[in-house]
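The values are calculated or read from the model by the stated rules, or taken from the named source; none is laboratory data. Every value quoted in this text rests on a predicted model; they were computed, and no experiment measured them. Cβ placement follows ideal geometry from the backbone for every residue including glycine, while neighbour counts extend to all protein chains displayed. All accessible areas refer to the heavy atoms of the entire protein, side chains included, with ligands and DNA or RNA removed. Shrake-Rupley method; radii C 1.70, N 1.55, O 1.52, S 1.80 Å.
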Amino acid sequence: MRILSGIQPSGKLHIGNYFGMMRPALELAQKGEAFYFIADYHALTSVSNAAGLRQNVADVALDFLACGLDPAKTVFYRQSDVPQVTELAWILNCITPMPMLENCVSYKDKTAQGLTPNAGLFTYPVLQAADILIVQSHLVPVGKDQKQHIEVTRDIAGAFNRQFGEVFTIPEASIREAVAVMPGTDGQKMSKSYGNAIEIFGDEKATKKKVMGIITDCQPMEAPKTNLDQNIALQLLKVIAPDKAAEQEAKLVAGGYGYGELKKTLLAALMDYFAPMRAKRAELEKNLDYVEQVLRAGAARANAVANATMEQVRKAVGLR
Ligand code: ADP
Ligand code: TRP
């Protein structure tokens, strides 16, 4: 079984990205042949600063390796090291109906916000389809927000196979409902773009400031607390350290226990959970040549698979 996923290098990764996408993807990688990549072509639809993009790509590579991606088992690469995906995206563009792309939420959201979309943003889901189809992936682990893009990929692959013969595997999305959406410090979905994110590798001082700043209701310290299912700090603790969350919940319900203590427990749990990864990241940072080697070796393996698919595709459509 082949498994593929990508992440855009568009800012610092946060614990929502980790628990929503990275951890499930890393677990799934044990069950098949995984291809995980850094979607730098996709990031070009929103990042227009070369140095910034390069830095983000380097950060995402360090983050994934520090969080436990095993490059001996998983093919880990930069999307732009497999430029065949842009050729495939062009071919797929030519069989993709415009209304299907006009319907995509990611595109509709941006235009609704008043942004003037570029053509890249419009055909973004077609490039994503090319990423997935070029490695003939069976399974695509993603967060809920990406479900529509996987549907589009399935539609495009089906249309291609009907028109030109059976070339592509039809992929399926793998979505973890258990950690559907992690809330940010303000209670909205945690996101790089909302200023409410707790970074995985933020320094301790910055993380403390974020955690202590999580909004809470104003029940007095002495009161037995109610409505705890609305409590953001407790929701986050439940994902990071479920046993500690149960203890904290019991104390809060009993009364005479304040939210300050809960937040301190959350901070300690966060620091504990990510301590080994933090240490690994610090090691890797001293060895950037190794990280580059990993990405190049991944690119070589991904290229071999991509070339084999493109041979079939070119033949099927009549390009050679
Ligand atoms: P962001 O909104 O921070 O820019 P992305 O859109 O780059 O995040 O998402 C990268 C991956 O992380 C996707 O698979 C997405 O579903 C997942 N993800 C992002 N934010 C959260 C969250 N708050 N909770 C759970 N998963 C998330
Ligand atoms: N669009 C995805 C996101 O924003 C990133 C991505 C690009 C991707 N290509 C992919 C995810 C292929 C899965 C498969 O999160």
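Helix 50-66 and the long axis of the chain differ in direction by around 70°, with both axes built from C-alpha atoms. Note on the stretch 4-26 and the stretch 285-320: Cα centroid distance 22 Å, given to the nearest whole angstrom. Candidate cross-link partners of residue 251 among the lysines, defined by an alpha-carbon separation under 26 Å and a same-chain spacing of 8 or more, comprise 208, 209, 210, 225, 238, 263, 264.
On C-alpha positions alone, give me the angle between the axis of helix 242-254 and the longest principal axis of the chain, in degrees, nearest 10. That works out to roughly 40 degrees.
For the stretch 202-281, what does the accessible surface come to per residue with a 1.4 Å probe? Please give it in Å². Mind showing how you got there, number by number?
Details: 4350 Å² over 80 residues.
I get 54 Å² per residue for the stretch 202-281.
A Gaussian network model of the chain, with springs between Cα atoms under 10 Å, assigns the largest mean-square fluctuation among 161, 56, 17 to 161. Ordered from highest to lowest accessible area with the whole protein assembly present and a 1.4 Å probe, 218, 67, 94 read as 218, 94, 67.
For the stretch 50-87 and the stretch 105-126, compute the distance between their C-alpha centroids and round to whole Å. A separation of 24 Å, based on Cα centres.
Dividing the summed -39500 (n - 2.57) terms of all DSSP H runs of n ≥ 4 by the residue count of the chain sets its mean residue ellipticity at 222 nm at -16500 deg cm²/dmol.
Give me the one-decimal Kirkwood hydrodynamic radius in Å for the chain, with the sum taken over alpha-carbon pairs.
On the way: mean 1/r = 0.0471 Å⁻¹.
Result for the chain stands at 21.2 Å.
Rolling a 1.4 Å probe over the protein chains gives residue 270 an accessible area of about 10 Å².
With every protein chain in place and a 1.4 angstrom probe, the accessible-area ranking of 31, 264, largest first, reads 31, 264.
Not counting the cut sites, what is the longest span of the chain without GluC sites (Glu not before Pro) that DSSP labels loop and that have at most 13 other Cβ atoms within 10 Å?
The longest such stretch corresponds to 1-165.
Compared with the dominant Cα axis of the chain, that is its longest principal axis, helix 288-317 is turned about 40°.
Element breakdown for the stretch 163-320 at a 1.4 angstrom probe: carbon and sulfur atoms account for 52% of the accessible area. In this structure residue 74 has an accessible area near 10 Å², from a 1.4 Å probe over the protein heavy atoms.
Protein-only accessible surface at a 1.4 angstrom probe places the residues 186, 109 in the order 109, 186, largest first.
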